[in-house]
1. Looking at Gly124 and the list (1) at pLDDT below 85; (2) over 18 Å from Ala4 (Cβ atoms); (3) surrounded by 18 or more Cβ atoms within 10 Å (Cβ to Cβ), which single condition is not satisfied?
2. One residue is enough: does region 84-95 have a residue meeting the conditions surrounded by 17 or more Cβ atoms within 10 Å (Cβ to Cβ), of a type in the set (Gly, Ala, Ser) and farther than 24 Å from Lys2 by Cβ?
3. Consider region 37-52. How many of its residues are hydrophobic (A, V, I, L, M, F, W, C) and either more than 9 Å from the chain's Cα centre (by Cα) or in a loop (DSSP other than H, G, I, E, B) (or both)?
4. Is it true that some residue in region 9-20 is open to solvent by 30 Å² or more (accessible area, probe 1.4 Å), assigned to a strand (DSSP E or B) and out of contact with any Cys (no Cβ under 8 Å at 6 or more places or on another chain)?
5. Could you go through region 75-82 and let me know if any residue there is open to solvent by 60 Å² or more (accessible area, probe 1.4 Å), aliphatic (A, V, I, L, M) and either in contact (Cβ under 8 Å) with a residue 12 or more places away in the chain or assigned to a loop (DSSP other than H, G, I, E, B) (or both).
6. Would you point out which residue out of Arg64, Arg28, Arg44, Arg38 is among the charged types (D, E, K, R), without any contact (Cβ under 8 Å) to a residue 12 or more places away in the chain and open to solvent by 20 Å² or more (accessible area, probe 1.4 Å)?
7. Just to verify a result, which residue in region 67-111, among those that are of a type in the set (Gly, Ala, Ser) and at pLDDT below 95, is farthest from Arg45 (Cα to Cα)?
8. Restricted to region 51-61, and to residues that are open to solvent by 30 Å² or more (accessible area, probe 1.4 Å) and aliphatic (A, V, I, L, M), which residue is farthest from Glu109 (Cα to Cα)?
Amino acid sequence: MKVAMRITTGQMEGTPLLFPPGQYLFGRAEGCHVLFSRSSIVSRRHCLLIVTEEMITVRDLESRNGTCVNKMPLEGERQLEHGDLLEIGESVFQIEITKSEAKGPLGIEVSGKPLDETINMPLGSTATDTKLALTGASGDAKKNSASSLPERPQTTAS
């Protein structure tokens with residue numbers, strides 16, 4: 001199964017993000033795999049996307065403004081289907097699922113954590129595995145590879 005999330009509203013409208021099997025953290029905090037601007041209404045650790053060969057699920061991480069699927073507030077975790085609309089802050093993503101054999105859409109591949117690894121959830125932790133940042137009021141995207149990001153010391157949340 002190949003999973004893409006096409007940005008339909010918000011920054012980078014029309015851009016597909018590709019998610020191979022793994023876990024992906026969305027939010028404003030450093031270390032999130034999909035990073036939103038600090039001025040966004042997205043929480044520091046907003047939601048977690050889990051992609052396997054069989055399914056895709058999203059879990060709200062008790063975000064302040066919530067996560068919605070098809071305009072309905074998400075409580076806990078939910079499986080996503082082809083065509084679903086996932087709302088995170090001001091951004092809306094349309095879920096596109098294709099069979100592994102089919103040629104999937106071209107887009108920006110997001111790197112995440114393997115399914116068998118635990119994602120470090122404390123707000124004070126930092127990581128350098130962010131590949132895509134949704135930043136800037138103009139909707140400009142910044143693509144960073146993990147090797148090009150500077151090493152930063154761990155900080156505690158205030």
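The values are calculated or read from the model by the stated rules, or taken from the named source; none is laboratory data. Just so it is clear, the model here is predicted, and its values are computed rather than measured. No Cβ is skipped: glycine too gets one built from the backbone with ideal geometry, and neighbour counts run over all protein chains shown. Just so you know, the surface numbers come from the protein's heavy atoms only, side chains and all, with ligands and any DNA or RNA stripped out. Shrake-Rupley method; radii C 1.70, N 1.55, O 1.52, S 1.80 Å.
1. With respect to (1) at pLDDT below 85; (2) over 18 Å from Ala4 (Cβ atoms); (3) surrounded by 18 or more Cβ atoms within 10 Å (Cβ to Cβ), Gly124 is out only on (3).
2. For region 84-95, residues surrounded by 17 or more Cβ atoms within 10 Å (Cβ to Cβ), of a type in the set (Gly, Ala, Ser) and farther than 24 Å from Lys2 by Cβ: present.
3. 4
4. Yes, region 9-20 contains a residue that is open to solvent by 30 Å² or more (accessible area, probe 1.4 Å), assigned to a strand (DSSP E or B) and out of contact with any Cys (no Cβ under 8 Å at 6 or more places or on another chain).
5. Start the filter on region 75-82 by keeping residues that are open to solvent by 60 Å² or more (accessible area, probe 1.4 Å), which leaves 75, 77-79, 81-82.
Then drop every residue that is not aliphatic (A, V, I, L, M), which leaves none.
Checked region 75-82: no residue is open to solvent by 60 Å² or more (accessible area, probe 1.4 Å), aliphatic (A, V, I, L, M) and either in contact (Cβ under 8 Å) with a residue 12 or more places away in the chain or assigned to a loop (DSSP other than H, G, I, E, B) (or both).
6. Arg38
7. Ala102
8. Restricting to residues being open to solvent by 30 Å² or more (accessible area, probe 1.4 Å) and aliphatic (A, V, I, L, M), the top hit is Leu61.
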